[in-house]
1. One residue is enough: does segment 56-70 have a residue meeting the conditions among the hydroxyl-bearing types (Ser, Thr, Tyr) and at pLDDT 95 or above?
2. Any residue in segment 290-309 that's of a type in the set (Lys, Arg): show its pairings with residues that are buried (at least 16 other Cβ atoms within 10 Å of the Cβ) at Cβ separation under 6 Å, as long as the two are six or more apart or on different chains.
3. Those residues that are in a loop (DSSP other than H, G, I, E, B) and under 21 Å from the mean Cα position of the chain (by Cα), I need them from segment 211-227; list them, please.
4. With respect to Asp167, is the statement that it is at pLDDT 95 or above, more than 27 Å from Phe60 (Cβ to Cβ) and acidic (Asp, Glu) true?
5. When segment 177-204 is examined, which residues are found to be in a loop (DSSP other than H, G, I, E, B) and touching a helix residue (DSSP H, G or I) at 6+ places or on another chain (Cβ under 8 Å)?
6. So Thr301 clears everything in (1) closer than 30 Å to Leu240 by Cβ; (2) surrounded by fewer than 16 Cβ atoms within 10 Å (Cβ to Cβ) except one condition, right? Which one?
7. Mind checking whether some residue in segment 137-159 is modelled with pLDDT of 95 or more, crowded, with 20+ Cβ neighbours inside 10 Å, of a type in the set (Ser, Thr, Tyr) and at negative phi?
8. Across segment 285-310, what is the total count of residues that are farther than 21 Å from Phe268 by Cβ and not β-branched (Val, Ile, Thr)?
Amino acid sequence: MRQSPLFAVLAVAAGVLAGCEPAPPPETSVAPPAARAVPAPPDLPVVTQPSAASRDMAAFYARLQAQMLTQNLLRSDGGGADTPFTDTMLAHNFMQIALTTEYADNSDFRVQQGSQTTLHRWEQPIRMQVSFSDSVPLAQRDQDRTSVSAFAARLARLTGVPIRQTDQTPNFHVLFLDEDDRRGAASRLRALVPDISEATLRGIVTLPRDQLCLVAAVFEPGQSAYAQAVVVIRAEHPSLIRAACIHEELAQGMGLPNDSDAARPSIFNDSEEFALLTRHDELLLRMLYDPRLQTGMDPATAAPIVRQIARELMASGPS
């Protein structure tokens, strides 16, 4: 420990003349030290008590997580000997997840569509902002920011897209919203993502409780590169469902918009067998940002390239 004591040393030299009384020391006036400005303590974020509706949702999701764990769901092992896959399976899964939409563009997330689409991904750096309802405790906010930051760094390594957390002109918003804030989020979402559709807004504010989280990505008319994205994660989720939402929605927001029952081991599967990104899913992200594929490419053009990339990745072994 470094100590910084202040020592005030006063040295007085007195000359004594023979046969004379010593002269009294001269009077000195010492100016008082200048007042030191004490910085005001930073304003702490507001923390409020969750509403009764939010507490009820938290209890529901705690029970849901416990039930899912008893069914061997929400696995975090990434798959293993019980979940083998081949390059053919990987290529097929990529076509289903990256080049097929789960919902129509600008939909309300209620009617699954499953139609083919062009390849969407980011062609610009991602500026990610993380925000919270006031009812989220400060310790939970710190943990969520750390989790999002760590996973965003992993996505950046896999895709090559620069991702940083910032409040300066963000284009990728991650919102941890409680029940009340989500229901009243329409005006806030319009301000964050001006091009978001009214149908998508309705889908977010009326989200049924069996939908745990969501991502909505926006691209300019006639374009296929993403311009904005917003992830909504329920603030009431317990730890493992919370982590699963971070992994799935951020990864889907990179350009993997669909789920497939055939994909295994994968978080892009409505079975919820896996909670966290698997090696299979890492390969999908690497394929998505392979320079041989082009943003806006249609499925027929992409398919033979996808098969070639899948063969190369599987031949190279674990990375």
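1. Start the filter on segment 56-70 by keeping residues that are among the hydroxyl-bearing types (Ser, Thr, Tyr), which leaves 61, 70.
Next cut, at pLDDT 95 or above only: 61, 70.
Yes, because at least one residue in segment 56-70 is among the hydroxyl-bearing types (Ser, Thr, Tyr) and at pLDDT 95 or above.
2. Close Cβ pairs (under 6 Å, with a partner that is buried (at least 16 other Cβ atoms within 10 Å of the Cβ)) amount to Arg292/Ile305; Arg307/Ala91.
3. Result: Gln211, Leu212.
4. Considered against the rule, which asks whether it is at pLDDT 95 or above, more than 27 Å from Phe60 (Cβ to Cβ) and acidic (Asp, Glu), Asp167 comes out as yes.
5. Taking segment 177-204 as the starting set, the residues that turn out to be in a loop (DSSP other than H, G, I, E, B) are 178, 184-185, 193-197.
Those that are in a loop (DSSP other than H, G, I, E, B) and touching a helix residue (DSSP H, G or I) at 6+ places or on another chain (Cβ under 8 Å): Asp178, Gly184, Ala185, Ile196.
6. (1)
7. Checked against the condition, which is being modelled with pLDDT of 95 or more, crowded, with 20+ Cβ neighbours inside 10 Å, of a type in the set (Ser, Thr, Tyr) and at negative phi, segment 137-159 yields at least one hit.
8. 7
The values are calculated or read from the model by the stated rules, or taken from the named source; none is laboratory data. Since this is a predicted model, take the numbers as computed values, not measurements. Glycine also receives a Cβ, built like all others from the backbone with ideal geometry; neighbour counts cover every protein chain displayed.
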